[in-house]
Structures are given as C-alpha cells and as structure tokens.
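The values are calculated or read from the model by the stated rules, or taken from the named source; none is laboratory data. Remember, predicted model here, so these are calculated numbers, not experimental data. We place every Cβ from the backbone using ideal geometry, glycine too, and count neighbours over all the protein chains shown. Protein only, heavy atoms only, side chains kept; ligands, DNA and RNA dropped before computing areas. Shrake-Rupley method; radii C 1.70, N 1.55, O 1.52, S 1.80 Å.
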Amino acid sequence: MTKRVLITLLLLISFIRANSQEFNFGFQTGIGTYSMKGLKNINKTVPQGLPFDTKLVADFPAYFYYRPSMIIRFNDFGLGLVYSFQSTGSRISAKDYSGEYRFDMKIKSSTPGIYCELMLSAEDKFNFYLYSIIGPSFSNL
C-alpha cells in the first residue's frame, strides 16, 4: 500500500501545472549515529552464555546514510518526495586454531517520506525555511 501512495504522490507532483518556480532533485549524505540500546544489551548478554571468550568487534557504529529527494517549490512553499537509507551493525567474534565464531547483527532501514517546506524569509543571499519530513521507517535485522 505504501508503494501506491508514493506513486500517486509522485504523479500528482509531476502533473501540477501551477506557477512552480523550481523543480529540484537533490542528494544528501552524512553519518548517522544510532542508539540501539536494546540491541547493545543483547551484545552484553550473548558472550555470558558462551563457554569461550569473545571480543566485541563492532557495536553499532556511526555509518553513512543516503537521502535522494525530488522537490517542487512554489513561491514560498515546497512539496516533494524523499527516500532515506540507513544501516549499521555489530559483531561479536572469537577465533583460534579450531575455528571461528561470529555473531553478526546487521540493520538496514528504508524511509520513504513526504517533504514540506515553508520559506520564512528571504534576505540578500540567504533564505530561511521551516521544513518537515514525514514517513514510515522500514527496518530489518
């Protein structure tokens, strides 16, 4: 159902014939930090139940996120679609002459959203906007 809503919004945005001033495509990337308190607790519990020593190699470190967008701006208002992809993970490991043990948790999250913005003021070379993005986040572990 989410795909239908996004496709419908995409078609509506692309067929708007109002006095649009700009049609922008954008791409944003950055480094996301993720709390993951519940999953970090699992990383503390798992080694306690093992009969051998392990090492926590990665505990949900900061990692790159990606966010392409498509926005139509009308005078002082903007409306568009955005999509975000985030990922992080953890690894508990042990290795010796007899073999290797790995406990991996990889998390990927996709977030399609609707972007709305309102221009608050426009000074010489600076524009000030109030914006909001709303959408569901789909994660898997």
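Using R0 = 22 Å, the C-beta based FRET efficiency linking Lys44 and Phe138 works out to 0.20.
In a fully extended conformation the segment linking Ser35 and Leu56 would gain 5.9 nm over its present Cα-Cα distance, using 0.36 nm per residue. Database remark: amide H of Phe60 closer than 5 angstrom to the amide H of Gly89, Ser90, Arg91 (H placed geometrically; neighbours at sequence offset of 5 or more, or on other chains; Pro and chain starts carry no H). Converting phi to 3J(HN,Hα) with the Karplus coefficients 6.51, -1.76 and 1.60 and the offset θ = phi - 60°, region 41-54 yields 5, 4, 5, 7, 7, 4, x, 5, x, 9, x, 9, 7, 10 Hz in sequence order, with x at every glycine or proline. Along the chain, counting only trypsin sites (Lys or Arg not before Pro) with a DSSP assignment other than H, G, I, E or B and at most 14 other Cβ atoms inside a 10 Å radius, the longest segment between sites is 18-124. The alpha carbon radius of gyration of the chain, expressed as a multiple of 2.2 N^0.38 Å, is 1.51. Relative to its Kirkwood radius, the Cα radius of gyration of region 48-112 gives an Rg/Rh of 1.33. Here the accessible area of the chain is 59 percent carbon and sulfur, with a 1.4 angstrom probe and all protein chains present. Sites listed here are chymotrypsin sites (Phe, Trp or Tyr not before Pro) in region 21-129 whose DSSP assignment is loop and whose Cβ has at most 12 other Cβ atoms within 10 Å: Phe52, Tyr97, Phe126. The mean sequence distance of close C-alpha pairs (under 8 Å, at least 6 residues apart), as a share of the length of the chain, puts its relative contact order at 20 percent. Computed from phi, the 3J(HN,Hα) profile of region 114-128 under the Karplus parametrisation 6.51, -1.76, 1.60 (θ = phi - 60°) reads 10, 9, 10, 9, 9, 6, 8, 7, 10, 9, 2, 10, 10, 10, 10 Hz, with x in place of Gly and Pro. In the context of the full set of protein chains, residues of the chain present 73 Å² of accessible surface per residue (probe radius 1.4 Å, heavy atoms only).
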